[in-house]
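The values are calculated or read from the model by the stated rules, or taken from the named source; none is laboratory data. No experiment lies behind these values; they were computed from the predicted model shown. No Cβ is skipped: glycine too gets one built from the backbone with ideal geometry, and neighbour counts run over all protein chains shown. The protein model used for the area step is the full one, side chains on, heavy atoms only, and it has no ligands, DNA or RNA in it. Shrake-Rupley method; radii C 1.70, N 1.55, O 1.52, S 1.80 Å.
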Amino acid sequence: TSPAGGVPGPARVRYSVAAKSSTGRPLRGGFALIAGTGGREILCAGNEKGELYFFELRGNTPVVCGRIALQGTILCSPLFHEGLLFCATGEGMLYAIRTTISDEGGPLRNSIVWQKKMKKGMMTSPAALPGIVLVAPMDGLYGLSVEGGPGRSPGTALWGATLGGTMSTPCVNGDTILMGTEDRRLMAFEVSSGRLTAKWECTLTAACRSNPVYAAASGLVSAVTIDGTLFSAGAADGGRRWSFRSLSPSPGGVAVAAFNGGDCFLLGTEKGMFYCIDARGRKAWEYDAGAGIRTE
């Protein structure tokens, strides 16, 4: 529905479960879509036991078509980038996995191409730049070589920045990397000529553990803190534009959507309220989901 103001509003829709598939343990984080599998639609997610499960949608039915066991605990979403699946563990290991097709409709073959042990654990998902996979363990932000090159092996650290404590999953916008930190900062880094440099930072009122988002139409960067406050800053200079307090923690973070040439920001809270905030920081609408919202 579209109430006054042109911002999309909530509507109740009935859904039913068409089919389901069980892995025996809860999947954490979210799914990665595996491309280049001969037209097959393959999704992948992991669990706390370190198992990555691969699912293929056959009609409306999700079928387990592959599995690989890693050493460690998978707490966040994997990432598919430049032909490889990257998965980080809570113990600080990054795995690069290649997925290939066997017989038509048969199981996938999954093999570890390389792995890299970081000094600290990782609670966030990998992100990517061309030829680079980004990881944010609990001591900083690092860019690792995907394929290697002259004089270096795959997984070699190309650059890094030391940052203390828990950080968010990096958000990439062009050659700019956006991150929230445990010590109440929203930061922007720039990658140029193979080097990482600090671009700007904005002080927040509480720790930020969920990934920031970039809103293209309004030129804003937004992030939500653990106390449920949504902050917005200018993407060019980090200047604070506005904030919205939801009065309840928002562990799932914020998502951005484009609508009618503008931006709106969506976030849910532990008290079950789901908000839509426009690009000026005004509440367009709210929706009571009836239970806590812990996902983006």
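One table, with the values for the structure above:
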quantity	calculated
Hits in the stretch 60-96 (condition: free of Cβ contacts under 8 Å to residues at least 24 places away in the same chain and either under 19 Å from residue 33 (Cβ atoms) or of a type outside the set (Gly, Ala, Ser) (or both))	71
Checklist (1) crowded, with 19+ Cβ neighbours inside 10 Å; (2) more than 24 Å from residue 180 (Cβ to Cβ) applied to residue 82, failing item	(1)
Boolean, residue 237 is part of a loop (DSSP other than H, G, I, E, B) and within 17 Å of residue 166 (Cα to Cα)	no
All strands (runs of 3 or more DSSP E) inside the stretch 107-222 with 3 or more residues being open to solvent by 70 Å² or more (accessible area, probe 1.4 Å)	108-117, 195-203
Matching residues, the stretch 106-156, being more than 21 Å from the chain's Cα centre (by Cα) and either among the basic types (Lys, Arg) or closer than 21 Å to residue 91 by Cα (or both)	109, 111, 112, 113, 114, 119, 152, 154, 156
Unique match (being farther than 27 Å from residue 13 by Cβ and either among the aromatic types (Phe, Trp, Tyr) or open to solvent by less than 20 Å² (accessible area, probe 1.4 Å) (or both)) among 253, 238	238
Residue list for the stretch 270-296, restricted to those being assigned to a loop (DSSP other than H, G, I, E, B) and basic (Lys, Arg)	271, 280, 282, 294
Residue under evaluation residue 88, criteria (1) out of contact with any Leu (no Cβ under 7 Å at 6 or more places or on another chain); (2) small (Gly, Ala, Ser); (3) at pLDDT 95 or above, criterion not met	(1)
Check on residue 267, assigned to a strand (DSSP E or B), modelled with pLDDT under 95 and within 12 Å of residue 230 (Cβ to Cβ)	yes
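Yes or no, residue by residue, for (1) open to solvent by 40 Å² or more (accessible area, probe 1.4 Å); (2) without any contact (Cβ under 8 Å) to a residue 60 or more places away in the chain:
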| site | (1), (2) |
| --- | --- |
| 244 | no, yes |
| 247 | yes, yes |
| 258 | yes, yes |
| 265 | no, yes |
| 268 | no, yes |
| 278 | no, no |
| 282 | yes, yes |
